[in-house]
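Encoded as structure tokens, the structure appears first; notes follow it.
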Amino acid sequence: MEFSNQQDVILVYTRQPDNDYTESLANSIHLALGQGGEQFQPLNRNYGILFAEATVDERSVIQEKGVQQPYLFQTAEGGFGLVAVRVDKTGAPDEESRGQLLLWKSTDLATFQSCGLLRLHPEAFVKEAVCEYNASEQIYEIRWRDETGKSYVNRLADLAAPDGISRAEGTAVADAGLTAAVEAPMAGILLGNMLSVDGKTLETVKAAWLPLHHTETRVPEQISASSVEQVKAVTATAIYSDGSSDEKQVDWDVSGVDFTRPGVYTVSGTVANRRFLFPLAEGYADPVILPWEGKYYFLATNDNMNDIGLYVREADTLEALFAPGFKEAVILDVDEERGFIQTFWAPEFHVIGGELYILFAVGGRQWGPQCHMMKLRKGGSIMEAADWQSPERVRRANGRFLAEDGITLDMTYFRSGETSYVAWSYRKGIGTSMDTGSMIYIASVEARNPVVLTSEPVLLTRPLLGWENIQGTINNEGPYPLVTEDTVYLAYSGGAARGYTYSVGLLSIPHGADCLEAANWTKAGTPVLSYYSLKGLYGAGHNSFFRDTDGTVYILYHGEERLVKHGVCSSAMHRVHFNKQDKPVFDVAGDRDVHPALTACTIQVVVQPQP
């Protein structure tokens, strides 16, 4: 493991748990970049990149797993492979993993393909292992040591054909060629190994795992104008570290320009930085915003009222929704007769078939939230309770309720192609040893009657990864769509819903693919928004999206101001950035979106008065 000071290397490791970075997070695979002999820079902000999938027992109960002793190697095709020992959630030997080793493949260290478990031995626990490709023999050699210190080797011709692995052979050499003890180049880590990479891989890794940030501001050198409005219309282009860009409004100072006299004027300006400071709305969780008929509407779970009732705000601008003196109305309150008594959770506005609906969960006297929908009457006002039809509980195609043996909540809606879909969270056995964890299901509906499913529910995701199954919480919940020209993204939340580990995950599927086929969806292995993403904001989760009237996409979510397990959830919001590949990035906010040092700009204005 000796490298030249000028080589670019990737370091693979796990972390030692600390006060806030729990075993569920620490026992995952992390990467760091050592560029040209410089100090190592953690990728993904030193948060896990690859997590072992949990198993599910015969009771449908999740058995969390972790990884240790990762080892990165070059494949025969010039890509990368990664092996690691699977352990239980505490880091102890895992009985289900006896004699087996986890394997991933990657072409570029930006995306990874899980190859599952390699069976090395029928009985012995794998303590540590390395894998190398022997080019002369055209075969992979997996050298490993068991818990007693005995050394073995297995051989495999093709990583894509794991069933072709040879039987384990004992080796006489005590260390069997395993990695030598090397001092870890970063504090608080458990070192795996280092591997040199070429320049192309280096750039791909940096673009994938280093935070995007504002690097440059461009404006035209010169424009011709005959009015203030023409100057005000000139925008700035903010350039980001991956080469992507975003158009920004500029506050141009035209006070020194006389538009009645021809000439060339130097005009200075400041790039507008539209920030919505956190906390945006204190005590409001699961927030959504709807631009509707010239106004904005804000809807959320109202923790200030013990989650009782649906409260809506109305304003002429986004900023006014959160300014002192905001206008708010209760459009659904406790109703004993109809059984709307508690857990008025996660309300969402959706336009379905040209009609405005609110999708939400509510429970009766006995705790147990269930998905409901209510529709705005034609010509009705969002702010008037009487203008909403009575809520209906969502049913299956056979007329039975969506669930009768668990809870349903967080229903959302989207359309892909000619088909309408709803997705929601279902959980059974909560608070018992038979807790399934909350799982996200999807089904099709008809837009003319979305309260009744037209297909059987299909399981999309359940909390099998360490960041989803953490702090005593087993969550996949709060799905919400972001539909672009070519892709449907379905964001969801995992981890502790009222804790600092709450995070946003992401599913995606190309337009044209069958959304009811779970295998067509791609699940990101690590959160796209976590408590490592934005300074001073913890437990970022249960998000929504909306497009403003100028086309800007915003993400809303709730979070906490302190690193506590059960704090006060408050709403937050910032712009969604689209990277060089036109994929959404959810953590470009604050100074990374518009850096204060890059806001000043000047332009030459050539005045040509109108005749």
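Given just the C-alpha atoms of the chain, how large is their convex hull per residue in cubic angstrom? The partial results should precede the final answer.
On the way: hull volume 115.8 nm³, N = 611.
Hull volume over Cα atoms, normalised by residue count, gives 189 Å³.
Grab the beta carbon distance between Glu355 and Glu384, set R0 = 22 Å, and tell me the FRET efficiency rounded to 0.05. Intermediate results must be reported in sequence, preceding the final value.
Values: r = 16 Å, r/R0 = 0.73.
Once rounded, the FRET efficiency stands at 0.85.
Fully extended, how many nm does the chain gain between Ala597 and Leu277 (0.36 nm per residue separation, minus their Cα-Cα distance)? It would help to have the intermediate numbers written out before the result.
Values: separation 320, 0.36 × 320 = 115.20 nm, distance 1.92 nm.
This chain segment gains 113.3 nm when fully extended.
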Going Cα to Cα from Lys428, which lysines come in below 24 Å? Please leave out same-chain ones fewer than 8 positions away.
Lys65, Lys89, Lys523, Lys565
Using only Cα atoms, find the angle between the long axis of helix 199-209 and the longest principal axis of the chain, and express it within 0 to 90 degrees, rounded to the nearest 10.
60 degrees
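Mind giving me the FRET efficiency for Lys428 and Glu293? R0 is 35 Å, r the Cβ-Cβ distance, nearest 0.05 is fine.
The calculated FRET efficiency here is 0.30.
Mean separation of Cα pairs under 8 Å and 6+ residues apart, divided by the residue count of the stretch 1-111: what relative contact order is that in percent? Could you put the intermediate results ahead of the total?
Numbers: 209 pairs, mean separation 21.8, N = 111.
Worked out over the stretch 1-111, it gives 20 percent.
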Extension reserve of the Val606-Arg400 stretch, reckoned as 0.36 nm per residue once the Cα distance is removed
67.1 nm
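What fraction of the Cα pairs in the stretch 281-593, stated in percent, has a spacing above 36 angstrom? Before the final figure, lay out each step's value.
On the way: 4941 of 48828 pairs.
The calculated P(r) of the stretch 281-593 puts 10 percent of pairs beyond 36 Å.
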Can you report the principal axis dimensions of the stretch 393-452 using only the alpha carbons, biggest first, rounded to whole angstrom?
42, 22, 13
Looking at the chain, send over the antiparallel percent of its DSSP beta bridges, to the nearest 5.
95 percent
Regarding the stretch 9-209, what whole-number volume in Å³ per residue does the convex hull of its Cα atoms give?
136 Å³
By a straight-distance test (C-alpha under 17 Å), which lysines pair with Lys150 as possible cross-link partners, with residues fewer than eight away in the same chain excluded?
Lys127
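What length, rounded to one decimal in nm, is gained on full extension from Gln222 through to Lys200, with 0.36 nm per residue of separation minus their alpha-carbon distance? Before the final figure, lay out each step's value.
Numbers: separation 22, 0.36 × 22 = 7.92 nm, distance 3.71 nm.
Between Gln222 and Lys200, full extension yields 4.2 nm more.
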If you consider only alpha-carbon coordinates, what radius of gyration and Dmax does the stretch 1-115 have, in Å?
15.4, 54
Estimated distance in nm for a label pair at Glu95 and Phe326, the labels positioned 7 Å out from Cα along Cα-to-Cβ
5.2 nm
Quick one: 3J(HN,Hα) in Hz for the stretch 124-139, Karplus 6.51/-1.76/1.60 with θ = phi - 60°, rounded, Gly and Pro as x.
5, 6, 7, 8, 7, 7, 10, 9, 9, 8, 8, 5, 5, 9, 6, 8
Taking placed amide H atoms and a strict 5 Å upper bound, the residues 5 or more places from Val126 or on another chain that come that close are Gly99, Gln100
Rank-order 524-533, 309-318, 212-221 by packing density, defined as the average count of other C-beta atoms within 10 Å over each peptide's residues, highest first.
524-533, 309-318, 212-221
Per the Cα gyration tensor, the stretch 99-227 corresponds to an equivalent ellipsoid with semi-axes, largest first in Å, of 45, 18, 13
Label point distance in nm, Thr55-Arg365, each placed 7 Å from Cα along Cα→Cβ
4.5 nm
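No lab work stands behind these numbers, since they all come straight from the coordinates. All values reported here derive from a predicted model rather than from experimental measurement. Virtual Cβ from ideal backbone geometry, glycine too; neighbours counted across all protein chains shown.
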